[in-house]
1. Here are some conditions: (1) closer than 13 Å to S197 by Cβ; (2) surrounded by 15 or more Cβ atoms within 10 Å (Cβ to Cβ); (3) touching a residue at least 12 places away in the same chain (Cβ under 8 Å). R249 meets all but one. Which one does it not meet?
2. I'm trying to understand the selection: among the residues of the stretch 578-608, which are surrounded by fewer than 19 Cβ atoms within 10 Å (Cβ to Cβ) and either in contact with a Lys or Arg (Cβ under 6 Å, 6 or more places away or on another chain) or in a helix (DSSP H, G or I) (or both)?
3. Just need a number here: residues in the stretch 70-108 that are closer than 18 Å to Y242 by Cα, aromatic (F, W, Y) and either out of contact with any helix residue (DSSP H, G or I) (no Cβ under 6 Å at 6 or more places or on another chain) or modelled with pLDDT under 80 (or both).
4. Let me confirm something: among A301, A275, which residue is among the hydrophobic types (A, V, I, L, M, F, W, C) and either at pLDDT 95 or above or surrounded by 17 or more Cβ atoms within 10 Å (Cβ to Cβ) (or both)?
5. Name the residue that is farthest from A437 (Cα to Cα), counting only residues in the stretch 646-699 that are of a type in the set (D, E, K, R) and assigned to a loop (DSSP other than H, G, I, E, B).
6. Identify, from the list R387, R381, the residue that is in contact with a strand residue (DSSP E or B) (Cβ under 6 Å, 6 or more places away or on another chain) and either surrounded by 17 or more Cβ atoms within 10 Å (Cβ to Cβ) or in a helix (DSSP H, G or I) (or both).
7. Only one residue in G650, G632, G655, G659 is under 19 Å from G428 (Cβ atoms), in contact with a Phe, Trp or Tyr (Cβ under 8 Å, 6 or more places away or on another chain), assigned by TED's automatic domain parsing to the domain that holds T557 and touching a residue at least 12 places away in the same chain (Cβ under 8 Å), so which one is that?
8. For residues that are under 31 Å from the mean Cα position of the chain (by Cα) and in a loop (DSSP other than H, G, I, E, B), scanning just the stretch 101-116, find the one that is farthest from T203 (Cα to Cα).
Amino acid sequence: MSASNGRKPTLTAERRYATGKSAAGKGGGTGDGGTGKGRKPAKPATSRRRAARPAKRAAPRGPVGYLAALVSGLIRFVVRVIWGVGWRMAFALALVVGLGVAYYAAQLPPVADLVDGRARGSVTLLDRDGATFAWRGDQFGGMITADTISPYLRNAVVATEDRRFWWHPGVDPQGVASAVRINLSEGRGPLSGNGGSTITQQTAKLLCLGKPFDASAWKNESEYEADCRRTTLWRKVQEAVYAMAMEARYTKDEILTIYINRAYLGAGTRGFEAASQRYFGKPAAQVNPAEAAMLAGLLKAPTTYAPTNNLGRSQDRASVIVGLMREQGYLSDAEAEAARTSPAVLSPTAQQDQGGYFADWVMDTGPEFFTRDTTEDVVIRTTLDPRIQTATEKALLQVFEERVAPGSEAQAAIVVMSADGAVRAMVGGRNVSASGAFNRATQALRQTGSSFKPFIYAAALDLGMQPFDFVDDSPLTMNIPGSGAWSPENYDRKYDGMVTLTEALAESRNIPAVKVSEQVGRENVRTVAAMFGIDSDLAAGPALALGVSESTLLEMTGAYAGILNGGSSVTPYGLVELKLKGDDTPLMGTGGGIGERVISQDAAEKLTWMMSRVVAEGTGSRAQIDGWEVAGKTGTTQGARDAWFVGFAGDYVAGVWMGYDDNRPLSGVTGGGLPATIWREAMVRVLEGQPVKPLPMRVPEQIQPQAIAGADSQDISPSGGQASDPETDRLLREMLGAPQPAQSAEAPAPAPAPAPAPDQAPAGNDRERLILDVLTNILGGVTN
């Protein structure tokens, strides 16, 4: 079959299932073979879809349009990537932080275990009256809490360190951002300078993130604390996590309690209780607004702003804190004005700032495990007398201000003690308030010069010689084995001929001192000096008599105290009683005092009288004090490198040394000059208001001495003014190890001894008895 009219014939299927198009063309067929049964009429095509609208043609894009589309697409892609990765990372970070917070929170101990974090203990030193004058180690005044301290102090700490403390969760993003901005604007690194740390974060740092001090891991506590204070990005992250753990574990008051107990506040104080006691002499619960502001101001730089270092600077800092407290509503206008017009000042005890050298010496001489390395809080009662300490400090400063050229580097030291060795005052240098410095009173070994001579005459008097016995002050030459001839000279290079022992000591004549030393035996002199407390090595040759040996001022003053107390040795001491803080039972007592007898009381009293002549009419006249008996001895070493005056009046013996640390010669200074002047100025203040007390001295009977035997003028007349027997002299020299006098060819033969009286023993017996007495004194000593 062919199509009609050139159209394709209709297929059978098309006829069976008529399309909507064909149905419509027939005027509304049912699509069911024309029967009109079993189907709903088909909707017109226009009811199923809208009539097609002509498409809008897109405007052609230029280069800028394509570029904008590209950039926009990239931004949308990056944003989708960041969002997709960011929320996952944030979730992971939050999970890690949460785990860290939970871990740290589980490890945190009770608050009471964290308030005292010291690795070592403290030492509180009390003077003889029981008042505190010095502290050593880390002071901790006892636990305080945020609700027991003064409200002014609590508010001052919050206003200064963390104004949003009561609201943040341990970390303050606003504060961190502000700190970074300030640091960058001032040309520092973002983490340098202001840290933006909250009080909680600072507490985390004080706790060193929970790591305690380990002596085996750290060289010392300072290195440990420096490591805890390191500021790095990772450390900041750790601190933030630890701080949030603390916020989860403790209340705000508990966190503040830990902080106010552990913070270092200068002058060796840990915590606000110790600082309040140290600076103001009152507990932290009683401080007023001005004092609270000063304490809170220390947190920024404790050593710099410590009022004991610079009170004015500390007050200026406190004024800033007062402003912050007023700005944040913690103080009224009237309270702020009162705090500024009446700033905090130090307590009288803190103002004194005295006895630093003495405190250092006590710490050095006490048991190490209870002083320098103590892990306990120790209280030591000492011998220090604050009145005498002040007197010595003022005297030294006055003389240097009035008598010493400005800019001089000369130094001086003073020691004052009682006759039993109890040290009452000590100044180890011109910087009288120093502590931890070189102590010239206890650490400087210097030649003693003529201040050593009293020990020569002590030995002589103890062996029976008398103050009015004669010695020949004439040129002397001695042959020293291995060194050759030695010819000592007097300071003025003059010779006075025959002089008494008293005159020789008063005028500090060198030749008589050497001759007396040789006469009684150098070893005896060395023994007497050592027994009196001169522990340093003593010279073995005849120059021993001229004070070429070295000693400390403390040793010399202690040795002179033995003369004042009647001839017994003393051990200088400063520690009276040591006990743990809070305990009533002392762990140890006095570490010194009077020891064994060295010379007889009779010899000591006569020597004291001889030394009084030094001050009354000899080289020590500048030490005279109206109305008081004064005894002492000057000393000037070769080249005037050291100048000494040591003496006593009333109940006290005092020693003064002056010189340069580098051993340069002093210019125009002798022991009878500036040292004697310093001694007098100090002792005038020490004795002020004290009842006048005579010295324990015995004025000897003045017996007209007879001629001295011995052609070389090295001999001393025996006691009682009796004529010397050459044979006795020879035996004495032989027994005591002294050189024998040279025999002159022109010397006349000694006259025969007179026959003994009927009731008198033969002369030989007298000689033997004298030798026996001398030997008894040498070997066994003389007792009262």
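1. (1)
2. Those that are surrounded by fewer than 19 Cβ atoms within 10 Å (Cβ to Cβ) and either in contact with a Lys or Arg (Cβ under 6 Å, 6 or more places away or on another chain) or in a helix (DSSP H, G or I) (or both): P586, L587, Q601, D602.
3. 1
4. Working: A301 fails: either at pLDDT 95 or above or surrounded by 17 or more Cβ atoms within 10 Å (Cβ to Cβ) (or both).
Within the list A301, A275, the selection yields A275.
5. Of the stretch 646-699, the ones of a type in the set (D, E, K, R) are 651, 661-662, 664, 680-681, 685, 688, 693, 698.
Among the residues that remain, those that are also assigned to a loop (DSSP other than H, G, I, E, B) are: 651, 661-662, 664, 688, 693, 698.
Details: D651: 30, D661: 13, D662: 16, R664: 21, E688: 30, K693: 36, R698: 42 Å.
Applying the filter and picking the extreme gives R698.
6. Details: R387 fails: in contact with a strand residue (DSSP E or B) (Cβ under 6 Å, 6 or more places away or on another chain).
Testing whether each residue is in contact with a strand residue (DSSP E or B) (Cβ under 6 Å, 6 or more places away or on another chain) and either surrounded by 17 or more Cβ atoms within 10 Å (Cβ to Cβ) or in a helix (DSSP H, G or I) (or both) leaves just R381.
7. Values: G650 fails: under 19 Å from G428 (Cβ atoms); G632 fails: under 19 Å from G428 (Cβ atoms); G659 fails: in contact with a Phe, Trp or Tyr (Cβ under 8 Å, 6 or more places away or on another chain).
On inspection, the qualifying residue turns out to be G655.
8. Ranking the candidates gives D116 first.
The values are calculated or read from the model by the stated rules, or taken from the named source; none is laboratory data. Quantities reported herein were computed from a predicted structural model and do not represent experimental measurements. In this analysis, Cβ positions are derived from the backbone assuming ideal geometry, glycine residues included, and neighbour counts consider all displayed protein chains.
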